[in-house]
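The values are calculated or read from the model by the stated rules, or taken from the named source; none is laboratory data. All values reported here derive from a predicted model rather than from experimental measurement. Note that each Cβ is placed from the backbone with ideal geometry, even for glycine, and that neighbours are counted across all protein chains shown. For the accessible areas, the whole protein counts, side chains as well, though only heavy atoms, and no ligand, DNA or RNA atoms are used. Shrake-Rupley method; radii C 1.70, N 1.55, O 1.52, S 1.80 Å.
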Amino acid sequence: MYINEQSKIELNGKKQYVSIRAEKENLPLLLYLHGGPGDSALPLVLKYNKELESHFTVVVWEQRGAGKSYYDFKNSEITIDIFLEDIYKLSKLLTERFNQKKLYILGHSWGSVLGLKFIRKHPEMVIKYIGCGQVVNMRKSCKDAYDYALTHADEKTKEKLKKIDCAYVGDDWLKDLLYVTKQVVKYKGSLYGKTNYNSLVTPFLFSKYYSVPDLYKRQKGSLQSIKYLWQELMKVNFENLVKYEVPVIFIEGEHDRHVSSKLVKDYFDTIETDKQFFLFEKSCHFPQWSENKKFNELIIDLCK
């Protein structure tokens, strides 16, 4: 292996964990933006997407407050723009260090919000943008997820769901959000063919890069990030943005009801610039891990 670097890098005043791995020298940079907010993914990318390391210098950034980059936000102002500034700083460091002009960005779920926003601000830094589990209109996605849960629930669960406002603005919005998400997962609308996330947790338990304290911090970081960022995330809506200066690629799970893949296809059809859309038939919200071999081969082919 040419490089396997696991370290903390200071980005805009906070040290953040970054994994850089590649089998060979001078491979193009691919920056992976994990979901959440706060849902770090390093062990999953290492397990399911290792093949990419033969074709890219794969950079997995554990975002501020997430996983191995956890710290207590302490009532500080945490916004999407801060994450975009972090991406800019990290991208500059990477392109300068590896003597490359641009990089590829792969954003999943919450990371897809960061990815689309970033290419709007800094198209000069990105070769292509790839979104999976793409967020288009967060309010509509939440309504779709809620409707899915309501349709599949038993009578007792339905009664509880009917009391929930899926705009998530009430005093109990966090509890309500977690409950609805749990139902979507339970009824196989999030991880294809599964009623829980156990298979996504196991790689963390056996990762040599994740200690027991790291696992605890990951849980704390995920909840903290949702608390601080969810209300801003609910305002995200890309539907009126139909022109990009960077090629846009969407890779979606056909059965995604966690973040509606139908909304992504509807949006894709309106985009007027360079675009591609791929639908994975045996995936929901995680095509990069549910159909990882197919996903890896597609990414390699798209970025030749």
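Criterion applied to Lys227, Lys282 was being surrounded by fewer than 19 Cβ atoms within 10 Å (Cβ to Cβ), basic (Lys, Arg) and out of contact with any Lys or Arg (no Cβ under 9 Å at 6 or more places or on another chain), and the one residue passing it is Lys227. Name the single residue that is farthest from Trp289 (Cα to Cα) among those in region 245-260 being open to solvent by less than 10 Å² (accessible area, probe 1.4 Å) and in contact with a strand residue (DSSP E or B) (Cβ under 7 Å, 6 or more places away or on another chain). This residue is Val246. For the condition on the phi < 0 side of the Ramachandran plot, part of a helix (DSSP H, G or I) and either open to solvent by less than 20 Å² (accessible area, probe 1.4 Å) or in contact (Cβ under 8 Å) with a residue 40 or more places away in the chain (or both), Gln288 qualifies.
The residues of region 11-45 that are touching a Leu at 6+ places or on another chain (Cβ under 9 Å) and farther than 22 Å from Tyr88 by Cα, listed by number, are Pro43, Leu44. Output the residues belonging to region 147-163 that are closer than 26 Å to Pro37 by Cβ and open to solvent by less than 20 Å² (accessible area, probe 1.4 Å). Hits for region 147-163 are Ala149, Leu161. Summed over region 246-278, the residues that are touching a Phe, Trp or Tyr at 6+ places or on another chain (Cβ under 9 Å) and not in a loop (DSSP other than H, G, I, E, B) give a count of 15. Taking region 171-192 as the range and being part of a helix (DSSP H, G or I), charged (D, E, K, R) and open to solvent by 40 Å² or more (accessible area, probe 1.4 Å) as the test, the residues that pass are Lys175, Lys182, Lys186. The set of residues in region 4-59 being aromatic (Phe, Trp, Tyr) and in contact with an Asp or Glu (Cβ under 9 Å, 6 or more places away or on another chain) consists of Tyr17 alone. I'd like to check something: does region 195-218 contain any residue that is part of a loop (DSSP other than H, G, I, E, B), surrounded by fewer than 18 Cβ atoms within 10 Å (Cβ to Cβ) and β-branched (Val, Ile, Thr)? The answer is yes; a qualifying residue exists. Within region 132-141, does at least one residue satisfy the condition of being farther than 27 Å from Leu241 by Cβ and either touching a helix residue (DSSP H, G or I) at 6+ places or on another chain (Cβ under 8 Å) or open to solvent by less than 30 Å² (accessible area, probe 1.4 Å) (or both)? Scanning region 132-141 turns up no residue that is farther than 27 Å from Leu241 by Cβ and either touching a helix residue (DSSP H, G or I) at 6+ places or on another chain (Cβ under 8 Å) or open to solvent by less than 30 Å² (accessible area, probe 1.4 Å) (or both).
The residue that is most open to solvent (accessible area, probe 1.4 Å), counting only those in region 77-105 that are under 16 Å from the mean Cα position of the chain (by Cα) and closer than 19 Å to Glu5 by Cβ, is Tyr104. I'd like the residue in region 117-128 that is out of contact with any helix residue (DSSP H, G or I) (no Cβ under 8 Å at 6 or more places or on another chain) and part of a helix (DSSP H, G or I) and, out of all such residues, is surrounded by the fewest Cβ atoms within 10 Å (Cβ to Cβ). Per the stated criteria, the residue is Glu124. Val113 falls short on exactly one of the conditions (1) within 13 Å of the chain's Cα centre (by Cα); (2) farther than 21 Å from Val242 by Cβ; (3) open to solvent by less than 10 Å² (accessible area, probe 1.4 Å), and that condition is (2). For Tyr2, the criteria (1) in contact with a strand residue (DSSP E or B) (Cβ under 6 Å, 6 or more places away or on another chain); (2) at pLDDT 95 or above hold in every case but one, which is (2). Sub-9 Å Cβ pairs linking a first residue in region 145-170 that is outside any loop (DSSP other than H, G, I, E, B) to a second residue that is open to solvent by 30 Å² or more (accessible area, probe 1.4 Å) and of a type in the set (Val, Ile, Thr), at least 6 apart or interchain, are Ala145/Thr181; Ala149/Thr181, ordered by first then second residue. Scanning region 46-66 for residues that are out of contact with any Leu (no Cβ under 7 Å at 6 or more places or on another chain) and open to solvent by less than 10 Å² (accessible area, probe 1.4 Å) turns up Asn49, Glu53, Gln63, Gly65, Ala66.
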